[in-house]
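The values are calculated or read from the model by the stated rules, or taken from the named source; none is laboratory data. Just so it is clear, the model here is predicted, and its values are computed rather than measured. When we count neighbours, we look across all protein chains shown, and the Cβ atoms used for this are built from the backbone with ideal geometry, even at glycine.
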Amino acid sequence: MLAAALGQLVAVLTVLALAPLLKGVIENLKAKVQSRRGASPFQPYYDLRKLLGKQRTVTPEASFIFRIAPYVVFATPIAFAMLIPVLTAMPLSWALMADMVGSGFVIGIGGFFANLAAMDSGSPFGGLGASRSRFVSSLAEPTFIVVFFAVGFISGGTVPFVVNDSLFTSSSQIVPSHALVAAAFLMVILAEAGRLPIDNPNSSQELSMIESSRLLEFSGPDQALMEWGGFMKLFVLLIVWLNVLVLPLGLANAVSVEGFAVAVATLVAKMFGAAVLLVGIESALAKIRILRVPEYLGGSFVLAFLGLVLYTVGH
Amino acid sequence: MLPEVILAALILLVSFQFIVTRRLGAAVFAYALQSWLLGGVAIALFADSGLIELLLFGLLIIIVKGVIIPQFLGYRTKSVLAGRRETSYYVRFPTALLLGAGLTLVGFLVATRIPFAPQLLPESVLGIAMAVFLLGLFTTTARRDAILQVVGLFAAENGLLLVGLVVAPSLSLLIEFAIVLDILIAVLVVGFLVARMHQEVASTDTSELTRLRG
Amino acid sequence: MINSFLLIGVLAVPLIAAGASGLVRRDETRYAIVIPSALVTVALAGTLIARVVSGGPVSALGGWLYMDDLNAVVLLVVMFVSALAGAYSIAYFRSPAQGHVLRRGELRKYFALFHLFTLTMVLVSVSGNLALLWTAVTATTFASAPLVDFYGSREPLEAAWKFLILAVAGELVALLGFLLLYAAGIAALGRSYSFSIPVVSGAAAHLSPSLAGLGFLLVLVGFGTKAGLAPMHTWLPDAHSQAPAPVCAMLSGAELNCAMLAIVRVLSLATPSQGGKGGDLHAALLGFGLLSMAVGVLFLISQRNYKRLLAYSSVEQMGLIAAGFGIGAPLTVLGALLQMVTHSLAKTLMFFNAGNLLLRFRSTTIADVGAVARAAPATAALLILGALAIAGAPPFGLFVSEFAIVSGALRHSDWAVGSLIAGLLLIGFIGLVVPFSRMTFGDGRPSEPQPRENLGVAVLAPGYVLLAAVLVLGFWIPGPLHSLVVGASRVVNR
């Protein structure tokens, strides 16, 4: 019991510690692709440290929601990390508290509070960003649901641990649906985490922003928490994609030092692979117009649905 | 058996790119990627079965369809139509996607009806292959741009080669060579006609060519 | 040994001619190559066919090249049509009316592709491996599509593109059919076997029935596109009306038969395994045939362009041939095979006529042409007699073959099928003869001054050769041709 709790703690700490690095590596690699030297991969850590040391300013119009939102945004990916197989193939203490749908709700709370806070601040850009991000999320929702249904259907359960266990031990019959579902899920992750082609995380133009315009009014430690929360959101969603849907290799089967060491090492390697993939996608694609976002997410929905249907055809 | 199936599933995913992309270059790239994956399937099959002709076939696909033909088409798209996109289309994006999904389903349903004796690859790959074939033909009919139409046909042909790998993996190498050679010649003729089209109507939009009726 | 020499030689001659046409500098030399190469090809092919008639199937190169009676019928047609089309090409392009249309270097392309086109069609008719058969049929598309685009303006380009895309799509469907056919033989012949015609034919009764049947249906739809069967025929009237007249003759007279050969070949291989359900495959072929006849006739009667008129007549005729094979009775198969020969001759003649009219009137619109009989009796006689021949009037060869198909249909199939075919042929007859007689004897457009230049003997001679051949076949089928057609019908109806 204690070992399990300890293991869970290690998993959460891994997420906390590595999430900024993922962001830094992506930015660094992207700069390399664009023939720039780029900032150090550790730059996000420096930024966070700097922001945490600064003073906090809050608009007088803002209510308590604006004050608590950073903590919620920071906490939800951590809670989410407890529900998914970060380092271990078997569920730890609190992992069975929620299935994939439930964990979807958990991650949704963070987005919900970020939107509320953005509107609460009274800044026009905040409201703009909030409504756009709602627009994207509401369109991404059906795909999420169908992906959950599909994997639930294939594996007979929606708890992430059960899913990754059965997706990779059954016949080759499910591979086509599996690939479609994985592709659809990656597409919605990109949309949810505010990456290209939906949202440009490097944009400095307020009018074209989605995700970052919600952060404009935050400062100091609040901004640090919001940004860190954002890094972790991308990180944990990618973990779900990698460890549940694509490549569940290297996960520890018991709480042991060696097992965890191997798991952390493989996670770092997989995350580096994912970073390369993201950089490839983001270098090849331009941001699409906001009115074409439904096409993109509709595409992901069709892929996920097709995955679901093909599975039933095969049987 | 699993690596082949995964590669085949990726081929299916790439096929959707033909339906959704509007950039000619992206379509040509997707074709090259699809051909590499197909070559990968053949080579992985060689690793499983030890049939040397599968290795040669895989290499042939990668060289001809993964390198030479995309180079040629890419050269055409670059020199004649630098960075062009397809500006008009017969089928709008959401409809195209839904039809594509429907065709994939049809491909799988048809595959379950084909009473073949499994050789080296499982039935699900036959479904993928049929779906890739249908998606390629659909791309040809749904697109106006000459280059996209041709890429659709070639993608359909990739689907057929995958069908071949499923139903008759030991088809003689000479036969496969003939098929691939045929496509190579096709590319030359297509290149010639596309250049002519560009000379005649200053674009490769086939909807400019609608004078013949009755 | 001699067989190998003949089979390879019949391929080598057009290949050498194509290479030479592409390399030589002067157009006169290019013209000079055509006739000798045609004569040598005819001699080699004739010897080959004679050997097949007397001694049964021959093969070479380890079975890749093969010739039985069915192949021989198509080779006969191909060599005859392409030799005469070559002769006509020379006269056609030398005539002053064409001189100003041609651009420099065009003839180099034309004759190189012309010989290559001949080569691919000969390859279809001597291929002994089903994969080679598919490749060769596909190659005919690639050789002929640039020829359709020969005149280099927008309409021919459109026709060529449509032809290329639809034909290649059809060929891919057919390839799927061939793959399934191969899979059908795996149970009987082992995982890796030679896909040659004699091998598959030997095991035809033991193929997997459902795979073989499905394979045939896919080949039917796929190569049916190339053979001009409705509803996949839409490219045909465009391509066959936009190409230069000699190329039209090759497309309609020879290339369609090549695709039909492949369909019939696969039919003959797929039927034996079907047991009692073999009729289903035949019924599918009959269905496409009847539909093509109906569509062809329907568009015939509303045409304003005489080249398109002839193209739709090809759709109708290919439909008739398909129906003949589809009914599957010995008499109709015999008729269909004979029809392949007679239709090729007559259609080639008619496209030469179309070329003559184009040279004279510079228009393909029916209304622009008139009073040919008064202005040029020799051209007019060829025109009206050719129209009667293609429409199937006695005493021309087509009457004999069409009569065989109709009477075979009435006797062995449903009376409804027989009378439907007869009715459609009758409407087609009217649809063909009326416009051509109006062009021959009518007034035309008196307002426009008509060019009075006379067509030379060289332009008309190939047409008269064809007319004589069609006329002779109406009275008397030579012994060797008879035994060839009977042998071929045995290959089809095993």
**Asked** Taking C:Gln339, is it more than 20 Å from C:Ala245 (Cβ to Cβ), among the polar types (S, T, N, Q) and crowded, with 24+ Cβ neighbours inside 10 Å?
**Response** yes
**Within region B:108-138, tally of residues that are modelled with pLDDT of 90 or more and either closer than 30 Å to C:Ala159 by Cβ or surrounded by fewer than 24 Cβ atoms within 10 Å (Cβ to Cβ) (or both)** = 7
**Item:** Residue among C:Leu256, C:Leu181, C:Leu207 that is more than 9 Å from chain B (Cβ to nearest Cβ), crowded, with 24+ Cβ neighbours inside 10 Å and in contact with a Pro (Cβ under 9 Å, 6 or more places away or on another chain)
**Value:** C:Leu207
**Complete:** The correct count of residues that are closer than 12 Å to B:Ala168 by Cβ and assigned to a helix (DSSP H, G or I) in region C:188-202 is 1
**Asked** Looking at this structure, is B:Ile19 surrounded by 19 or more Cβ atoms within 10 Å (Cβ to Cβ) and more than 11 Å from chain A (Cβ to nearest Cβ)?
**Response** no
**Prompt:** Checking B:Leu98 against (1) modelled with pLDDT of 85 or more; (2) more than 13 Å from every other protein chain (Cβ to nearest Cβ); (3) out of contact with any helix residue (DSSP H, G or I) (no Cβ under 6 Å at 6 or more places or on another chain), which test does it fail?
**Reply:** (2)
**Request:** Kindly indicate the residue of region B:163-194 that is of a type in the set (Gly, Ala, Ser) and modelled with pLDDT of 80 or more and also surrounded by the fewest Cβ atoms within 10 Å (Cβ to Cβ) among those meeting that condition.
**Result:** B:Gly191
**Prompt:** Within region C:184-195, can you find the residues that are surrounded by 22 or more Cβ atoms within 10 Å (Cβ to Cβ) and more than 7 Å from every other protein chain (Cβ to nearest Cβ)?
**Reply:** C:Ala184, C:Gly185
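Every residue, every condition in (1) modelled with pLDDT of 90 or more; (2) assigned to a helix (DSSP H, G or I); (3) among the aliphatic types (A, V, I, L, M), yes or no:
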{"site": "C:Tyr66", "(1), (2), (3)": "yes, no, no"}
{"site": "C:Val78", "(1), (2), (3)": "yes, yes, yes"}
{"site": "C:Ala83", "(1), (2), (3)": "yes, yes, yes"}
{"site": "C:Ala87", "(1), (2), (3)": "yes, yes, yes"}
{"site": "C:Ile90", "(1), (2), (3)": "yes, yes, yes"}
{"site": "C:Leu107", "(1), (2), (3)": "no, yes, yes"}
{"site": "C:Leu119", "(1), (2), (3)": "yes, yes, yes"}
**Message:** One residue is enough: does region C:157-178 have a residue meeting the conditions within 26 Å of B:Val190 (Cα to Cα), touching a Phe, Trp or Tyr at 6+ places or on another chain (Cβ under 8 Å) and at pLDDT below 90?
**Reply:** no
**Asked** Taking region B:110-142 on its own, how many of its residues are within 8 Å of another protein chain (Cβ to nearest Cβ) and either on the phi > 0 side of the Ramachandran plot or free of Cβ contacts under 8 Å to residues at least 12 places away in the same chain (or both)?
**Response** 2
**Which listed residue is closer than 27 Å to C:Leu76 by Cβ and polar (S, T, N, Q), from C:Thr365, C:Thr348, C:Thr379** = C:Thr348
**Message:** For region C:157-172, give me each residue that is more than 7 Å from chain B (Cβ to nearest Cβ) and surrounded by 24 or more Cβ atoms within 10 Å (Cβ to Cβ).
**Reply:** C:Phe163, C:Ala167, C:Gly170, C:Glu171
**Message:** Which residue is modelled with the lowest pLDDT, if the candidates are limited to region A:34-53 and must be surrounded by 14 or more Cβ atoms within 10 Å (Cβ to Cβ) and in a loop (DSSP other than H, G, I, E, B)?
**Reply:** A:Gly38
**Count of residues meeting criterion [in a helix (DSSP H, G or I) and out of contact with any helix residue (DSSP H, G or I) (no Cβ under 8 Å at 6 or more places or on another chain)] in region B:189-214** = 2
**Asked** On the given criteria, is C:Ser344 within 20 Å of C:Leu382 (Cβ to Cβ) and hydroxyl-bearing (Ser, Thr, Tyr)?
**Response** yes
**Asked** Within the set of pairs 6 or more residues apart or between chains, which connect a residue that is in contact (Cβ under 8 Å) with a residue 24 or more places away in the chain and more than 8 Å from chain C (Cβ to nearest Cβ) inside region B:185-210 to a residue that is among the aliphatic types (A, V, I, L, M) and crowded, with 17+ Cβ neighbours inside 10 Å with Cβ atoms less than 6 Å apart?
**Response** B:Val187/B:Ile69; B:Val194/B:Ala146; B:His198/B:Val80; B:Thr204/B:Ala146; B:Thr204/B:Ile147; B:Thr204/B:Val194; B:Thr204/B:Met197
**Request:** Taking C:Val124 as the residue in question, decide whether it is hydrophobic (A, V, I, L, M, F, W, C), in contact with a helix residue (DSSP H, G or I) (Cβ under 7 Å, 6 or more places away or on another chain), more than 10 Å from every other protein chain (Cβ to nearest Cβ) and closer than 28 Å to B:Ile52 by Cα.
**Result:** no
**Prompt:** Which ones in region C:275-304 are assigned to a helix (DSSP H, G or I) and within 14 Å of chain B (Cβ to nearest Cβ)?
**Reply:** C:Val295, C:Gly296, C:Leu298, C:Phe299, C:Leu300
**Message:** Quick check on B:Val106: is it facing another protein chain (nearest Cβ under 8 Å), outside any loop (DSSP other than H, G, I, E, B) and of a type outside the set (Phe, Trp, Tyr)?
**Reply:** no
